[in-house]
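Trainee: Sharing a structure here in structure tokens format.
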Amino acid sequence: MVCLKPAFLLSLCAVFAVADSVLASDQELEKREGVISISKAICGDNSYTRQQIEEATAEGCRLYFAGEQVGTSEYPHRFNNRENLVLATAGPYQEFPIIPSGNYTGRSPGPDRVILDPNYRGSCVYVGTMTHSGATDRNGFIACNQTKSSSGPNGASAGSTFSASASLGVAACILSMLALTA
């Protein structure tokens, strides 16, 4: 029976690892497809609906292709991703402010941004949201938390939060297995 415990734990570790990679893959696919399955993004103290994300993305893309920029920081402008945020495409990226009330028109941009890839397979697509709120560097960014909505059996919507961080569950499984075999 002692031999079955490590085998069982190893199997559980494999399941967690596969589930993690599927979740990350779903996140990347969702971002490439736009914001269809995002119900909201939480950036610091601000919460944005899917519609707000879509509108900010559309405005950023519209300005980009019109060759126009707004505000003293001239948005949209290039985002170099020095923070190494996990994004769904290779870029290059543009950033554009997302604000709680309407679209950004040149006033104070606030701390939150949508990230666009204007040249992904011939389309301008949303690839993420980020915020200055909570970042360690003065002008740095961190990713916003996004809630993914999915359709239930009766068409009802159900939400689940996802993140790009590595799973602690896999590490816990491996450590448990090592402890049992020692």
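The values are calculated or read from the model by the stated rules, or taken from the named source; none is laboratory data. Since the model is a prediction, treat every value here as computed from it, not as a measurement. When we count neighbours, we look across all protein chains shown, and the Cβ atoms used for this are built from the backbone with ideal geometry, even at glycine.
Trainee: Filter the stretch 119-152 for residues that are part of a strand (DSSP E or B) and free of Cβ contacts under 8 Å to residues at least 24 places away in the same chain; which is nearest to residue 83 (Cα to Cα)?
Mentor: Filtering the stretch 119-152 for residues that are part of a strand (DSSP E or B) and free of Cβ contacts under 8 Å to residues at least 24 places away in the same chain, the one nearest to residue 83 (Cα to Cα) comes out as 123.
Trainee: For the stretch 91-118, name all the residues that are outside any loop (DSSP other than H, G, I, E, B) and without any contact (Cβ under 8 Å) to a residue 60 or more places away in the chain.
Mentor: 93, 94, 95, 96, 97, 113, 115, 116, 117, 118
Trainee: While we're looking at this one, here's another question. Can you tell me which residues in the stretch 41-72 are farther than 15 Å from residue 106 by Cα and surrounded by 21 or more Cβ atoms within 10 Å (Cβ to Cβ)?
Mentor: Of everything in the stretch 41-72, those that are farther than 15 Å from residue 106 by Cα and surrounded by 21 or more Cβ atoms within 10 Å (Cβ to Cβ) turn out to be 41, 43, 48, 52, 53, 57, 61.
Trainee: Another question about this same structure. Within the stretch 3-25, is even one residue over 12 Å from residue 129 (Cβ atoms), in a helix (DSSP H, G or I), at pLDDT below 50 and among the charged types (D, E, K, R)?
Mentor: The answer is yes, given that some residue of the stretch 3-25 is over 12 Å from residue 129 (Cβ atoms), in a helix (DSSP H, G or I), at pLDDT below 50 and among the charged types (D, E, K, R).
Trainee: Continuing with the same structure: So residue 82 fits all but one of (1) at pLDDT below 70; (2) part of a loop (DSSP other than H, G, I, E, B); (3) surrounded by fewer than 18 Cβ atoms within 10 Å (Cβ to Cβ); what number is the exception?
Mentor: That leaves (1) as the condition not met.
Trainee: Taking the condition of being crowded, with 17+ Cβ neighbours inside 10 Å and touching a Phe, Trp or Tyr at 6+ places or on another chain (Cβ under 9 Å), how many residues in the stretch 112-127 meet it?
Mentor: 8
Trainee: Could you list, in sequence order, all residues of the stretch 41-77 that are assigned to a strand (DSSP E or B) and either under 21 Å from the mean Cα position of the chain (by Cα) or closer than 15 Å to residue 144 by Cβ (or both)?
Mentor: 41, 42, 43, 46, 47, 48, 49, 75, 77
Trainee: Modelled with pLDDT under 55 and either touching a Phe, Trp or Tyr at 6+ places or on another chain (Cβ under 7 Å) or part of a loop (DSSP other than H, G, I, E, B) (or both): which single residue out of 158, 172, 88, 164 fits that description?
Mentor: Only one candidate qualifies: 164.
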